[in-house]
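These notes concern the structure reproduced below.
The values are calculated or read from the model by the stated rules, or taken from the named source; none is laboratory data. In this text, all values refer to a predicted model and were calculated from it rather than measured experimentally. Glycine also receives a Cβ, built like all others from the backbone with ideal geometry; neighbour counts cover every protein chain displayed. With ligands, DNA and RNA removed, areas are computed over all heavy atoms of the protein, side chains included. Shrake-Rupley method; radii C 1.70, N 1.55, O 1.52, S 1.80 Å.
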Amino acid sequence: MSSQHADAFLLYEDADGDLQRTEVPTSPVTIGSRELCGLVFEHATVGPIHAAVEPGPHGCRLRRLSRVRPVRVNDAPVAAAMLENGDRIALGEQKLLYVDAPDLAPEMVRLTLTRNEGELPVEVMIPGTVTVLGRMEGDVLVDDDSVSSRHLEIENFGPGLRWVRDLGSTNGSALNGEPLDGRRRELKDGDVLTLGLVKIAVTDDGPPAENMTGAVQRTVIFMSDSALA
């Protein structure tokens, strides 16, 4: 498994409005504009030591440390709050998104991969929250020379919290025919991804089975359809 795994992530908007991801550490971390903070934002509305994220055995707590700068969760001002998957955080005007990242996503995604006419489509269920697709590295290995060693990443933290991005591939990726780059793009049921010469239909697939304990690496090998041969 090559994708990053953590108990939780914070996604935040950079200066260009693009989502970036950082792991929530296992120990408390401060957020502010001073370099001594664990997570630093240079936004003018972020205080020197604005807030703290405090993981614990019963979840992750956000605590306001600034006396004058506001902290909001889902648009409501808070002094402290336990965070839940999908919570929207605002430190001044700096926006963040909190997502849980367990071994298994709350709702799986099914990928149907196709390549050339006369070859059978291949279906792969991806139960993990962070899934890398590539020819040589990742959670789903695609046996095709047009796919880069480490090609594309899918993040699935639940419905409405799914994104896809290219990982600097040689032959490029596309979402519904539109080229992808390193910026995150929302991924929805019914979308079609392209990795080199490989097309991938994306379908919601429901919650993981009760006996499923974790994601395993899968290899996709395209085979000729004997009925058409």
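Picking from residues in the range 203-229 that are at pLDDT 90 or above and closer than 21 Å to PRO102 by Cα, the one that is surrounded by the most Cβ atoms within 10 Å (Cβ to Cβ) is PRO208. Looking at this structure, is GLY138 touching a residue at least 12 places away in the same chain (Cβ under 8 Å), open to solvent by 10 Å² or more (accessible area, probe 1.4 Å) and in a loop (DSSP other than H, G, I, E, B)? Against the criterion (touching a residue at least 12 places away in the same chain (Cβ under 8 Å), open to solvent by 10 Å² or more (accessible area, probe 1.4 Å) and in a loop (DSSP other than H, G, I, E, B)), GLY138 does not qualify. Selection of the range 24-35 for residues being farther than 20 Å from ALA81 by Cβ, open to solvent by 80 Å² or more (accessible area, probe 1.4 Å) and in contact (Cβ under 8 Å) with a residue 12 or more places away in the chain yields only ARG34. Taking the numbered list (1) in contact with a Lys or Arg (Cβ under 7 Å, 6 or more places away or on another chain); (2) closer than 30 Å to VAL192 by Cα; (3) aliphatic (A, V, I, L, M) in turn, LEU111 passes all entries but (1). When the range 44-61 is filtered for residues that are under 22 Å from the mean Cα position of the chain (by Cα) and closer than 16 Å to PRO102 by Cα, the ones remaining, listed by number, are PRO55, GLY59, CYS60. Has the range 3-24 got at least one residue that is of a type in the set (D, E, K, R) and farther than 20 Å from GLU153 by Cβ? No, every residue in the range 3-24 fails to be of a type in the set (D, E, K, R) and farther than 20 Å from GLU153 by Cβ. Against the list (1) within 24 Å of PHE9 (Cα to Cα); (2) more than 16 Å from the chain's Cα centre (by Cα); (3) among the hydrophobic types (A, V, I, L, M, F, W, C), the condition LEU141 fails is (1). Pairs linking a residue in the range 100-115 that is among the acidic types (Asp, Glu) to a residue that is open to solvent by 10 Å² or more (accessible area, probe 1.4 Å), with Cβ atoms under 7 Å and 6 or more positions apart or on different chains, are ASP100/ASN85; ASP103/GLY214; ASP103/ALA215; GLU107/PRO159; GLU107/ASP204; GLU107/GLY206; GLU107/PRO207. For the range 152-162, the condition of being assigned to a strand (DSSP E or B), open to solvent by 10 Å² or more (accessible area, probe 1.4 Å), in contact with a Ser or Thr (Cβ under 7 Å, 6 or more places away or on another chain) and closer than 24 Å to VAL99 by Cα holds for none of the residues. Within the range 3-43, the set of residues being assigned to a loop (DSSP other than H, G, I, E, B) and under 14 Å from the mean Cα position of the chain (by Cα) comprises SER3, GLN4, HIS5, ALA6, ASP7, ASP18, VAL24. Against the numbered list (1) free of Cβ contacts under 8 Å to residues at least 60 places away in the same chain; (2) in contact with a Gly (Cβ under 6 Å, 6 or more places away or on another chain); (3) over 15 Å from VAL132 (Cα atoms), SER149 comes up short only at (3).
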